[in-house]
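Reading through the structure tokens given below for one structure.
The values are calculated or read from the model by the stated rules, or taken from the named source; none is laboratory data. Keep in mind that what you see is a predicted model, and the values were worked out from it rather than measured. Please note: Cβ atoms are built from the backbone with ideal geometry, for glycine as well, and neighbour counts cover all protein chains shown.
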Amino acid sequence: MPRCKARALKVGPGYILVDWASCDGCGKCVEACDRDAIALKSAPAKPAMTVAGPVVAATSPKPPKAPAKAVAKPANTGVAPQWSLPEAFLALACALALYVGAQSVPGAFAHAPLLSGLTLLVYNATIAGLLYFLTRRRGAGVLTAFRLGAAPEWSSLGLAVALAVGCWLVSVGYRAAAPLMGLQPPVADGPELATLFGAGTIGAVLTLVVVAVIGPVLEEALLRGVVLGALRTRFGAWPAIVASALAFSLLHASPWSFVPLMVLGVALGWLAVRSRSLWPSVVAHVIYNIVFVGAALYKALGA
């Protein structure tokens, strides 16, 4: 661990190992751990001895006070697992393959109402199954594995709203400048998105639920949970944030929206690293998608 000058801390997939012979009790590992997986435990003080009669000065020096030791908490405390790089690559490769396969379905994600929605449902269900498989493989609960069991701080939720609004403004500015660069909005940004599950109120509600709620939750668990978590352990916070944002943009396979999605991905990754819960990044993603889908529905329905 970079912050451990004594090189006493070893972090790997599913374990935290402290070398007591090298640990100097500085506590830097506790400050760096954002999951409360390590606690600082001071050595218990020895009770003072009382001797009847006159006080006699000690002829030998007192033993040095034992330094504080970093104690790894047991694995059954509800701490999210440390995802490995093979797990991250497996999850990302499966998601890319599923997206390419969904795009190959005739009419899917294009001009066929209901078929497009059904394809999207199958895609989301398969991603959910993949994430569930990874959690079962680790023997962890779904909420704990993706840091969804911890209640977020109110300040983090407020920051999530602000970031969602800011990223939306960046997207609007990019939309205005994109035609000057010869780029056109994606097809799904128009009537096709509004008729994803058919026309009418029911279709609009289903589109909001699937695209603006279910999709963001699964994407955050996959990208800011597994991918960012694994890369952060190996390469550090910012390389993991940028790499997960790049994967987020590539998964949407839209050259036009690459830049705004990259900005959104970096913001969501930073929020996930800053928070002890994944909920703030989920909330920001949901808000962003609600505004996106709502604007598309408003435009398509001519309200």
Notebook entry, point to check: For the stretch 149-165, does any single residue satisfy the condition of being acidic (Asp, Glu) and either in a helix (DSSP H, G or I) or outside the structural domain of Val122 (by TED's automatic domain parsing) (or both)?
Noted result: no
Q | So Phe109, is it modelled with pLDDT of 90 or more and either of a type in the set (A, V, I, L, M) or in the same structural domain as Ala221 (by TED's automatic domain parsing) (or both) | A | no
Of those in the stretch 131-148 that are hydrophobic (A, V, I, L, M, F, W, C) and not in a helix (DSSP H, G or I), the residue surrounded by the fewest Cβ atoms within 10 Å (Cβ to Cβ) is Ala140
- Any chance Val170 is surrounded by 14 or more Cβ atoms within 10 Å (Cβ to Cβ), touching a helix residue (DSSP H, G or I) at 6+ places or on another chain (Cβ under 7 Å), at pLDDT 90 or above and aliphatic (A, V, I, L, M): yes
Of (1) touching a Lys or Arg at 6+ places or on another chain (Cβ under 8 Å); (2) hydroxyl-bearing (Ser, Thr, Tyr); (3) at pLDDT below 90, Thr144 satisfies every one except (1)
Could you say whether any residue in the stretch 220-234 is in the same structural domain as Ala272 (by TED's automatic domain parsing) and more than 19 Å from Gly265 (Cα to Cα)?
yes
Over the stretch 247-303, the set of residues crowded, with 18+ Cβ neighbours inside 10 Å, among the β-branched types (Val, Ile, Thr) and under 14 Å from Ala212 (Cβ atoms) is Val282, Val283, Val286, Ile287, Val293
| message | For the structure I just gave you, tell me whether Ile214 is in a helix (DSSP H, G or I) and within 23 Å of Thr195 (Cα to Cα). | response | yes
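For (1) at positive phi; (2) at pLDDT below 90, each residue gets a yes or a no:
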position	(1), (2)
Thr59	no, yes
Pro74	no, yes
Leu114	yes, yes
Ala128	no, no
Gly139	yes, yes
Pro152	no, yes
Checked Ala272, Ala243 against criteria (in the same structural domain as Ala178 (by TED's automatic domain parsing) and in contact (Cβ under 8 Å) with a residue 40 or more places away in the chain); the one match is Ala272
Scanning the stretch 278-303 residue by residue, those in a loop (DSSP other than H, G, I, E, B) and modelled with pLDDT of 90 or more turn out to be Leu278
task: Check the stretch 194-205 and report whether any residue there is in a helix (DSSP H, G or I) and under 28 Å from Ala151 (Cα atoms).
output: yes
